[in-house]
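The values are calculated or read from the model by the stated rules, or taken from the named source; none is laboratory data. Note that this is a predicted model, so its numbers are computed, not measured. Glycine gets a Cβ as well: all are built from the backbone with ideal geometry, and neighbour counts include every protein chain shown. What goes into the accessible areas is simple: the full protein's heavy atoms, side chains included, and nothing from ligands, DNA or RNA. Shrake-Rupley method; radii C 1.70, N 1.55, O 1.52, S 1.80 Å.
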Amino acid sequence: YYLCGVVLLRVGFEAMLRPIELLNLRAQDIKIVRARGKVRAVLALTSPKNKRVMGRNQFAVIYDASTILWIEWLIDDMSGNFKLWPSSRPRLISLFQHLLNLCKFDSLGLTLGSLRPGKVSELFLHGCAPDTIKFMGRWKSDAAFSVYMQEAMSTLVWSKLSTAQENSVSTAIEKYRPFLAQPPQV
């Protein structure tokens with residue numbers, strides 16, 4: 001469960017997926033596209049929350065090359081209809097909470113639903129235009145997106161890490177970067 005869970009958490013973050021969209025992903029819903037020296041993962045979302053407004057079938061794109069390598073590795077030998085998360089929602093929540101506890105981030109109040117606003121905040125802080133984020137995250141109305149953006153950014157402010165936690169995270173990222181950048185060969 002750890003490997004599937006950690007890969008899916010990355011996918012959920014990078015694609016700005018809602019928890020139900022993440023839990024419903026199947027191997028056949030993912031297409032790795034290589035063109036003009038770039039690689040993308042396109043995810044078909046067959047039961048999105050906002051299907052009445054944006055359509056029954058929607059898509060999300062992952063641009064992060066490392067996450068794409070991991071998702072490609074995960075689905076390599078899966079049959080098409082196989083769900084990427086082989087268990088229940090409570091088990092994925094439990095895994096996520098366990099990982100937060102290991103990192104001593106359990107006090108931040110993060111949930112599976114935090115992946116989406118976390119990516120919104122990252123994109124905005126890196127200068128991505130709000131209209132681009134809105135399209136990538138599949139928001140139809142400006143009003144809904146504006147409220148969401150306000151909530152995401154205010155949550156970012158309130159979920160500060162202590163200096164010791166920030167140093168610990170930075171050290172761990174640098175230490176494990178080579179192992180996290182790509183999946184194992186076997």
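How many percent of all Cα-Cα pairs in region 101-186 sit more than 21 Å apart? Summing the P(r) of region 101-186 above 21 Å gives 46 percent of all pairs. Result for the chain in a Gaussian network model with C-alpha springs under 10 Å: among Pro117, Pro86, Pro19, the largest mean-square fluctuation is at Pro86. Our Cα-only numbers for the chain put the radius of gyration and Dmax at 16.6, 47 Å. Full extension of the chain between Ile20 and Ser94 gives 25.1 nm of extra length, using 0.36 nm per residue less the Cα-Cα distance.
For the pair Cys128 and Leu180, label points projected 7 Å from Cα toward Cβ lie 1.8 nm apart.
What length, rounded to one decimal in nm, is gained on full extension from Ser146 through to Ile173, with 0.36 nm per residue of separation minus their alpha-carbon distance? Present the calculation step by step, with values, prior to reporting the outcome.
Working: separation 27, 0.36 × 27 = 9.72 nm, distance 3.19 nm.
Between Ser146 and Ile173, full extension yields an extra 6.5 nm.
Residues His98, His126, ordered by accessible area of protein heavy atoms at a 1.4 angstrom probe radius and largest first, appear as His126, His98.
For Leu156, neighbours were defined as the other residues whose beta-carbon sits under 12 Å from its Cβ, and their charges (Lys and Arg +1, Asp and Glu -1) total 0. Remark: region 109-123, residue by residue, has Karplus-estimated 3J(HN,Hα) of x, 6, 9, 4, x, 7, 4, 4, x, x, 5, 4, 4, 4, 4 Hz, where x stands for each Gly or Pro and the curve is 6.51 cos²θ - 1.76 cosθ + 1.60 at θ = phi - 60°.
Each residue of region 145-160 was assigned a 3J(HN,Hα) from its phi angle through the Karplus expression (A = 6.51, B = -1.76, C = 1.60, θ = phi - 60°), giving 5, 4, 4, 4, 4, 4, 5, 4, 6, 5, 4, 4, 5, 7, 9, 5 Hz with x at Gly and Pro.
Given the options Ile62, Ile71, Ile93, which has the most mean-square fluctuation in a GNM of the chain, springs set between C-alpha atoms less than 10 angstrom apart? For the chain, modelled as a Gaussian network with Cα springs under 10 Å, the answer is Ile93.
Computed from the Cβ-Cβ distance with R0 of 25 Å, the FRET efficiency linking Tyr63 to Leu108 stands at 0.45. Shown is the FRET efficiency for Thr155 and Val42, computed with R0 = 25 Å from the Cβ-Cβ distance and rounded to the nearest 0.05: 0.30. Derived scalar couplings between HN and Hα for region 133-139 equal 4, 4, 5, 4, x, 6, 9 Hz in order, rounded to whole Hz, by the Karplus curve 6.51 cos²θ - 1.76 cosθ + 1.60 (θ = phi - 60°), x for Gly and Pro.
Of Lys38/Lys175; Lys83/Lys140; Lys119/Lys140, which ones are farther than 24 Å apart at the Cα? Before the final figure, lay out the partial values.
Working: Lys38/Lys175 27 Å; Lys83/Lys140 28 Å; Lys119/Lys140 18 Å.
Where the Cα-Cα span goes over 24 Å, the pairs concerned are Lys38/Lys175; Lys83/Lys140.
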